[in-house]
Ligand code: SF4
Ligand code: SF4
């Protein structure tokens, strides 16, 4: 073998080795890229899973945790507390009705709603409880009806609409306080359901009772009118017509006052606008004079200029 053949063989071996190294490097790079891609995919899947579980966490209904702090904020801010027929029934049975009765009022809300509420009567002079529920003891921070709370207060702050439970008031400081046992949660849920049922029952029965009472009152007054002698009826009619005249005169005086106030306002506006008009006229006439004098002077100047020319 001559030396040139030897060199060729050596060259070929070197090239082969280089090719093999190149192939190994390329394979290594491809492997690395593949594993990087796989890691990326795993990371992306992980992130997607995390986001999904965070979304699911968000969708989960809020866990209701509540322990009353006895702060009394609810009792101090409510100006009327709805009362249901079941409350009245319970208070008749446990003897609390006499205590609550002075604070009960019946309220018609047209067209058909009738409500019973606990409301502060309008008391003149010093009132130890300046606002809020009249049954709240501000000094000792306690409800005077604590042993037989109205259903509305007993369920607060959890509500139930027939399908779902909801928070009636997110501002209640007892929300999120302490721990909530399973038993306590079930109790609260029962109270909220009881509140919902009592509300439905009262809102369907009270309007019927109210219309029966009104019809009965009308019938009684009609019977009383019929039982009057001719003379007494005339006297009563006179009294009623005088009352009506008084009411009419009061309302006509009120409307006159309103008219005079609005006509005075109108006059003021008229005088202001006529004064404004005069001012505007005088300003424009003065402007006119000025313009006239300026144009006549300009005319004279022009005339003198043209005669000089
Ligand atoms: S129910 Fe809420 S607002 Fe009312 S006393 Fe308890 S913590 Fe206070
Ligand atoms: S009845 Fe009692 S619990 Fe209900 S608002 Fe009045 S003071 Fe508070």
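Please treat every number below as a calculation from the coordinates, not as lab data. Small disclaimer: the values here were computed from a predicted structure and weren't measured. Neighbour counts are summed over all protein chains in view; Cβ atoms, including those assigned to glycine, are modelled from backbone coordinates with ideal geometry.
Miscellaneous remarks
- Extending 7 Å from the Cα toward the beta-carbon at both residue 205 and residue 93 defines two label points whose distance is 1.2 nm.
- Residues 220, 107, arranged from fewest to most other Cβ atoms within 10 angstrom of their Cβ, appear as 220, 107.
- Under the criterion of Cα pairs below 8 Å and six or more residues apart, the relative contact order for region 73-223 equals 25 percent.
- Three-way shape label, region 73-223, alpha-carbon gyration tensor, a/c 1.5: oblate
- Relative exposure of 152, 195, judged by other C-beta atoms within 10 Å (fewest first): 152, 195
- Two-site FRET efficiency, residue 68 against residue 222, from Cβ-Cβ distance with R₀ of 45 Å, rounded to 0.05: 0.30
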